[in-house]
Structure formats: structure tokens, C-alpha cells
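The values are calculated or read from the model by the stated rules, or taken from the named source; none is laboratory data. On a predicted model such as this, the values are computed, not experimentally measured, just so you know. With ideal geometry, Cβ positions are generated from the backbone for all residues, glycine too; neighbour counts draw on all protein chains shown. Surface areas here come from the heavy atoms of the whole protein model, side chains and all, with no ligands, DNA or RNA. Shrake-Rupley method; radii C 1.70, N 1.55, O 1.52, S 1.80 Å.
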Amino acid sequence: MRVLFYLLFAATAFGQALTFDAASVKPNHLEDHIVSIDVGPGGRFVARGYTLKLLIQQAYEIKGFQILGGASWLDVDRFDISARGRANATRHQVNQMLQSLLAERFGLKLHAVQSEMPGFALEVAVAKPKLTPSQSSEEDQAARHEETGALAGIGFSMPSFAKMVGAYISKPVVDNTGMKGLYDFRIHWTERADQVSEQSDGISLISALRDQLGLKLVSKHVMADLVQIDAASRPTAD
């Protein structure tokens, strides 16, 4: 996944940036607190009530804890965006188009960095973990919510699975299982996903990993992929 992380920056760096065919960016001054996003077919991207920090998370496929720097308004000011790109664009390509849009309209400049920070290592907790070897020949990384607190995935490598867990608990998680290949899984929990304490009346994510999949999270400092914001400004009106 680290290769993908840095590839997200590569197109712009080598002058091959993808761009939307048309895009509208407008301030959202409504007090309804509605936040929504739609990355649809045909290269369509629509976001409502998104802050620049949230847009950066979408564009670079990262979480809030991975973003360093930036003025306070990046977490406060909200925007509505409607954009259209080429018809056969993949989700990753739409996100790269969004990167170009943020650079053009918000003057966004950032760079990838690595830093050691508190996180977790994903390790095996039993002799035979309970993930199922996948029939998929290629990594899918498509996880779906089956019901409240239940998640199922097909075709995940363990580094990808660790990254997904990190997204739920808002901490960097690195794979230390030693498990190769692709796996399918299903897991459910009842507590907040970022509740990592095992002292709980319900099922926490950390206990679900152990009891349902035979995996454990070990607290430690890990190297995390981060982005440092160098510059950003409020966009001019369309």
C-alpha cells in the first residue's frame, strides 16, 4: 500500500496530472450540517458540505490523522463541489482529478512524508488465524457493510487489511502477521470502532479481531505515511 500512497503524488510530479472536464466549487454557508459525497460512474464527483481537510482525505485516500499542518479554516469552512471527468475514469483517477482541482482552486501544495508515531502492529494471536484464503486472483480491497458494525471483505492482502483497520481506529496500523496472499473476512463489533480498550460491556474492534479472526493489535510506535500541507487558500468564486 505504500507504493500506492506515493503513486498518488507521482502523476502531478511527472506532469501527467488528470483534470476534470468541468468543475464548480462554491462555499457552503448552510447550517444544516449535512455532509455527503458521491464518486459516481462517468468520472462524476459531487461533494456537499466538505471541508478542505475532508477533500484532501478523499483526494489522497488517507485519514485525518495523516494530515499535518494547515490553517484552522481547513477544518471549518465548508464547500460544495460538482465536477465531471472522462467517462471511463476509475475511482483512483477521479481522486487524482480531485487533486488537480484542489491545486488549481485552493492553491493546495503538499508533500508526502514519513514519521514515527504511536500506532499498532497487526499480529497473529492464534496458531491458525480465521481469515479465509480468497479465490480472488487480484487484490480487490472492496469491503462492504452488511449491517450495523459488521464488515466483510474479499481479496485483501494483510497490509491492506491493516490499513483498513487503521482507518477505523484512526491510528496507523502496520502488518506484522507474516501472512502472504489474499484473504476474505467477516467481522462485527458493537462498540465505537475507535474504542481500542478491551474493558467493555460490548464487543470492541480490538476484541473482535482477536476472537473472530485470531488477530491482535500490539501498541507500538510505527512508521506512518503522512502528508504535510505547505500552502492552501480559500477558493475564488466560480
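Computed from label points 7 Å out along Cα-Cβ, the spacing between HIS33 and LEU68 is 3.3 nm.
Sketch the reach of a paramagnetic label on ARG234 as a point 7 Å from Cα along Cα-to-Cβ, and name the residues of the stretch 43-86 whose backbone nitrogen lies under 18 Å away. Backbone N within reach: 49-55, 70-81. 3J(HN,Hα) along the stretch 177-185: 7, x, 8, 9, x, 10, 9, 9, 8 Hz, from the Karplus curve 6.51 cos²θ - 1.76 cosθ + 1.60 with θ = phi - 60°, whole Hz, x for Gly and Pro. Close amide H partners of PHE79, meaning residues 5 or more places away or on another chain with modelled amide H under 5 Å apart, are ASN28, GLY49, TYR50, THR51. Solvent exposure of the stretch 35-84, expressed per residue, is 41 Å² of accessible area, with all protein chains present and a 1.4 angstrom probe.
Taking Cβ atoms as reference points and 15 Å as the exclusive limit, the residues near ASP75 contribute a net charge of +3, counting Lys and Arg as +1 and Asp and Glu as -1. Each residue of the stretch 120-126 was assigned a 3J(HN,Hα) from its phi angle through the Karplus expression (A = 6.51, B = -1.76, C = 1.60, θ = phi - 60°), giving 9, 9, 8, 10, 7, 10, 9 Hz with x at Gly and Pro. The alpha-carbon of LYS53 sits under 22 angstrom from the alpha-carbons of these lysines, leaving out residues fewer than 8 places away in its chain: LYS26, LYS63, LYS109, LYS163, LYS171. Taking a Cβ cut-off of under 9 Å around GLY214, the surrounding Lys, Arg, Asp and Glu residues balance to a net charge of +3, with basic ones at +1 and acidic ones at -1. Each Cα pair under 8 Å and six or more residues apart adds its separation to the average, and for the stretch 63-189 the resulting relative contact order is 26 percent. With an a/c value of 1.5 or above and a/b not larger than b/c for the gyration tensor axes a ≥ b ≥ c computed over the alpha-carbon atoms, the stretch 59-118 is described as oblate.
Simple rule: put +1 on each Lys or Arg Cβ and -1 on each Asp or Glu Cβ in the stretch 47-130, find the dipole, and look at GLN99, ILE67, PRO129; the Cα lying farthest toward the positive end is PRO129.
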